[in-house]
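A.B. asks: After the structure tokens below, expect a handful of questions from me.
Derivation of every value follows stated rules applied to the coordinates shown; laboratory data play no part. These numbers were taken from a predicted model, which means no experiment stands behind them. Here the Cβ positions follow ideal geometry from the backbone for every residue, glycine too, while neighbour counts run over all protein chains shown.
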Amino acid sequence: MKLPYIKPLDGLRTIAVVMVIVSHFFSIDSFPDGFKWLHRATQFGSSGVSLFFVLSGFVITRILLQSVQNEHYFKSFYMRRVLRIFPLYYFALFFYYALPYLASLVNLHIGIQYPIGLNVVYFATYLQNIAMTFNWNDAGPVHFWSLSVEEHFYLVWPAVVFFVYPSSPKKLTYLILILIATTFILRLFMLKHGYNIDYFTPVRVDQLLLGSFLAILERKGFLIRQFRKYYLLALFTGIAFLIFCIFQNDFYVDLYKHNALGLTFLGLIALTIVYAERSWLSSFLNLSFMQYIGKISYGMYVWHPLVLVTINKFYPTHSVLLNFVLVLAVTTAVSALSFKFLEMPFLKLKKHFAYK
């Protein structure tokens, strides 16, 4: 049986990527002195990465649960991931490193220039988030850290599902809950020893695991309106948890914020699926522009910092609002071209690795 495609999830991807762009835009641009609180509010947009994580955990795990009995389970999964992720990633990585040098040859300086050395190896092998955590030489496109977290998850999780789920779906559920608890304990340990806990895979994987838990609930038939009160409870508990974090010191904010965001987005995604038909939420998420931007959101995430830096340096409008609209429009255009001419030729090859 073919998995049903849940269209509103593409709309959620649009929300996630716009949140991230807002965060990065206003970390460079600024508001007048009387609106500093608004600047702080925009930085919440960085939690769009958490929304991506929970979404990815859900989508990937539902595919794995559906195809775990497939004769070519590992080959199909990994080849499809390679075709989806690697072409854009490595092309963009080359672009981020090479473009500043090429620009400097014609006396243009675009505002970023990463030295080439061991740091390139970290980025090329998806180890940059580890380098960032332990303060190694990590000069490169910083936002790629989240792609390495997801890649680590994709590398390990198919084997976990393969060896645990067929014999006992309950064991996989228990394992997910144990791993989430372990993530929290490790986060506490790292914070007490002064490490950054925003980038390291073992302390960020809990949000991907929450998405995996949601995929198991779907598999068992629990993502229906009959159980919506539990997902509303998860959503509002997560929001209350976030508000609670606001009034804590930095140590406790760092300790709890990823749990609070994970629970919030688990509730949001679950309710999106529960109300995927005939609701104002699904109607909004299914709008054509929401669907399209969701489809090209990977490119939007990859390219937006380069667009942001270039526009701020060469084409500033001296208006925060106009500058943001320009960044969003150009990022969308660049990502659309990237999707059509770079990503699609490889995506078409996925038909050779279809799940039987």
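A.B. asks: Using a cut-off of 14 Å between alpha-carbon atoms, which aspartates and glutamates can reach Lys295, once sequence neighbours fewer than 8 places away in the same chain are excluded?
C.D. replies: Asp10, Glu343
A.B. asks: Using the Karplus curve 6.51 cos²θ - 1.76 cosθ + 1.60 with θ = phi - 60°, work out ³J(HN,Hα) for each residue of the range 252-264 in order, rounded to whole Hz, and write x for Gly and Pro.
C.D. replies: Values, residue by residue: 6, 4, 5, 5, 9, 4, 5, 5, 5, 5, x, 5, 4 Hz.
A.B. asks: Angle check, please: helix 48-67 long axis (alpha carbons) against the longest principal axis of the chain (alpha carbons), in degrees 0 to 90, nearest 10.
C.D. replies: 40
A.B. asks: Continuing with the same structure: Give me P(r) over the range 210-356, computed from all C-alpha to C-alpha distances, binned every 5 Å, as integer percentages.
C.D. replies: 2, 8, 11, 11, 12, 16, 18, 13, 6, 2, 0
A.B. asks: May I ask you to list the lysines whose Cα is less than 18 Å away from that of Lys2, ignoring any residue fewer than eight positions away on the same chain?
C.D. replies: By straight Cα distance, Lys2 reaches Lys220, Lys350, Lys351, Lys356.
A.B. asks: To the nearest 20 debye, what is the magnitude of the charge dipole of the range 8-343 about its Cα centre, counting +1 on the Cβ of each Lys and Arg and -1 on the Cβ of each Asp and Glu?
C.D. replies: It works out to roughly 860 debye.
A.B. asks: For the ranges 304-315, 145-156, what's the packing order if you count other beta-carbon atoms within 10 Å of each residue, average per peptide, and put the highest first?
C.D. replies: In descending order of packing, they fall as 145-156, 304-315.
A.B. asks: I would also like to ask the following. Which of rounded, prolate or oblate describes the range 226-284 when judged by the alpha-carbon gyration tensor and an a/c cut-off of 1.5?
C.D. replies: Cα axes put the range 226-284 in the prolate bin.
A.B. asks: Counting other Cβ atoms within 10 Å of each Cβ, which chymotrypsin sites (Phe, Trp or Tyr not before Pro) in the range 203-260 have at most 10 and sit in a DSSP loop?
C.D. replies: Those satisfying the criteria are Phe247.
A.B. asks: Now for a different question. For the chain, calculate the relative contact order in percent as a whole number, restricting contacts to Cα pairs under 8 Å that are 6 or more residues apart.
C.D. replies: Computed value for the chain: 29 percent relative contact order.
A.B. asks: Taking θ = phi - 60°, what integer Hz values does the Karplus form 6.51 cos²θ - 1.76 cosθ + 1.60 yield along the range 2-14, in sequence order, with x for Gly and Pro?
C.D. replies: Result, rounded to whole Hz: 6, 5, x, 7, 9, 4, x, 5, 5, x, 5, 4, 4.
A.B. asks: Rg and Dmax of the chain, Cα atoms, in Å?
C.D. replies: Radius of gyration, then largest Cα-Cα span, for the chain: 20.5, 63 Å.
A.B. asks: Convert each backbone phi in the range 319-334 into a coupling constant with the Karplus relation 6.51 cos²θ - 1.76 cosθ + 1.60 (shift: θ = phi - 60°), then list the ³J(HN,Hα) values in order as whole Hz, x for Gly and Pro.
C.D. replies: Those phi angles translate into 9, 4, 5, 5, 4, 5, 4, 5, 4, 5, 5, 5, 4, 4, 5, 4 Hz.
A.B. asks: OK, next. For the Cα atoms of the chain, what angle does the longest principal axis make with the long axis of helix 169-192, in degrees from 0 to 90, nearest 10?
C.D. replies: 40
A.B. asks: Checking the cross-link filter: which lysines have an alpha carbon closer than 23 Å to that of Lys192, excluding same-chain neighbours under 8 positions apart?
C.D. replies: Lys257
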